[in-house]
Amino acid sequence: MLAILSIDFDYFIDASAEQRDRYFLRGGEEIPRRRLGSLWAERYAAYPQLRGIGVVEQFGLVKQFLGALNVERSKVFLSETHRAIKCVIDAIPVEVPLRIVNIDFHHDYYHYYSGGDFCNCGNWLRRVMEERPGTQVKWIRREDSQIATLEGDFPFEHTTDLGCVFQERFACVFMCRSPEWSPPHLSGFYEELACALLKKSPQALASPGARTAGG
C-alpha cells in the first residue's frame, strides 16, 4: 500500500472556526489570484487583530518530522492549491492501493463545484474516493473543524491527535499553501515547512523551480 501524506497549511493557523469566519476572506479558489493581496489588505485594515494570529503549538514538531522524513525528492509536491493533489494521485496506477493521511482544517469531502470546476480544493477527496473506493483515508482535523457532509458526518477515520502521524511512514508528501484561507503574514511558516521537506535553506527555496519539486 502506498501511503500519501497530504498537508494543507490552513491546519496550522491558530484561529478558531469562528475567527476564520469573521476575519478571513469570503470565498475560495474562485477569487482571482491577482486580487488576493488587496483583499487581504482590506481584511487587515478592518480587523487589526488578524495580525496577532500565529500558528499552533505543534507546528515545530511537524516541521521536525518533515525534516526527518526519508522521501524521494521526486515524491515531494508543493502547490498553491489542494486540488493539485488529484493530479498526483491520478499519476499512480489504479491497481496500487492507497492510504491518504490528510492534515487539514477542512475534510475536503464536500459536494460543491461550479461550472466546469468538477474538482476543486474542497471536493478533491470525494473525487478520489469515487474513482478509488478502496482507498484508506485518515483525516487529522482541528477540534472545531466541520465534520458534516450532505450524507452525515465525515465517513472515514478522523482524529484530532496530530501526534499519530509521527508513527507512520510515507512514500509521497503533498503540501499546499491555500492562500485564500491563510493570512499572508503567516507565509514564512509555510516556507519553513517547505524548506524542511525539501531539505533546503529559505534562500534555495526561493530559486526558480524549487516550489515544484516532484512535479
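The values are calculated or read from the model by the stated rules, or taken from the named source; none is laboratory data. Model, not experiment: these values are computed from the prediction. Heads up, the Cβs are rebuilt from the backbone with ideal geometry, glycines too, and the neighbour counts pull from every protein chain shown.
Please go through segment 77-126 and give me each residue that is on the phi < 0 side of the Ramachandran plot and of a type in the set (D, E, K, R), ordered by number.
GLU80, ARG83, LYS86, ASP90, GLU95, ARG99, ASP104, ASP117, ARG126, listed by residue number.
Among the candidates PHE65, PHE24, PHE77, which residue alone is touching a Lys or Arg at 6+ places or on another chain (Cβ under 8 Å) and touching a residue at least 40 places away in the same chain (Cβ under 8 Å)?
So the residue among PHE65, PHE24, PHE77 that is touching a Lys or Arg at 6+ places or on another chain (Cβ under 8 Å) and touching a residue at least 40 places away in the same chain (Cβ under 8 Å) is PHE24.
With the condition kept exactly as written, say whether any residue in segment 159-168 is out of contact with any Lys or Arg (no Cβ under 9 Å at 6 or more places or on another chain), under 21 Å from TRP40 (Cβ atoms) and surrounded by fewer than 19 Cβ atoms within 10 Å (Cβ to Cβ).
There is no residue in segment 159-168 that is out of contact with any Lys or Arg (no Cβ under 9 Å at 6 or more places or on another chain), under 21 Å from TRP40 (Cβ atoms) and surrounded by fewer than 19 Cβ atoms within 10 Å (Cβ to Cβ).
Could you list, in sequence order, the residues of segment 8-54 that are within 30 Å of ASP161 (Cα to Cα) and among the β-branched types (Val, Ile, Thr)?
ILE13, ILE53
If you go through segment 132-141 one residue at a time, how many are assigned to a loop (DSSP other than H, G, I, E, B) and surrounded by fewer than 16 Cβ atoms within 10 Å (Cβ to Cβ)?
Going through segment 132-141 one residue at a time, the tally reaches 2.
Give segment 142-156 a look and list any residue that's within 25 Å of ASP90 (Cβ to Cβ) and either surrounded by 12 or more Cβ atoms within 10 Å (Cβ to Cβ) or of a type in the set (A, V, I, L, M, F, W, C) (or both), or say none.
The answer is THR149, LEU150, PHE154, PRO155, PHE156.
Only one residue in TYR109, TYR113 is surrounded by 19 or more Cβ atoms within 10 Å (Cβ to Cβ) and modelled with pLDDT under 95, so which one is that?
Of TYR109, TYR113, the one residue that is surrounded by 19 or more Cβ atoms within 10 Å (Cβ to Cβ) and modelled with pLDDT under 95 is TYR109.
Looking at (1) of a type outside the set (D, E, K, R); (2) assigned to a loop (DSSP other than H, G, I, E, B); (3) modelled with pLDDT of 95 or more; (4) out of contact with any Leu (no Cβ under 7 Å at 6 or more places or on another chain), find the lone condition where MET129 falls short.
(2)
Go through segment 40-70 residue by residue and tally those that are more than 18 Å from the chain's Cα centre (by Cα), hydrophobic (A, V, I, L, M, F, W, C) and buried (at least 16 other Cβ atoms within 10 Å of the Cβ).
3
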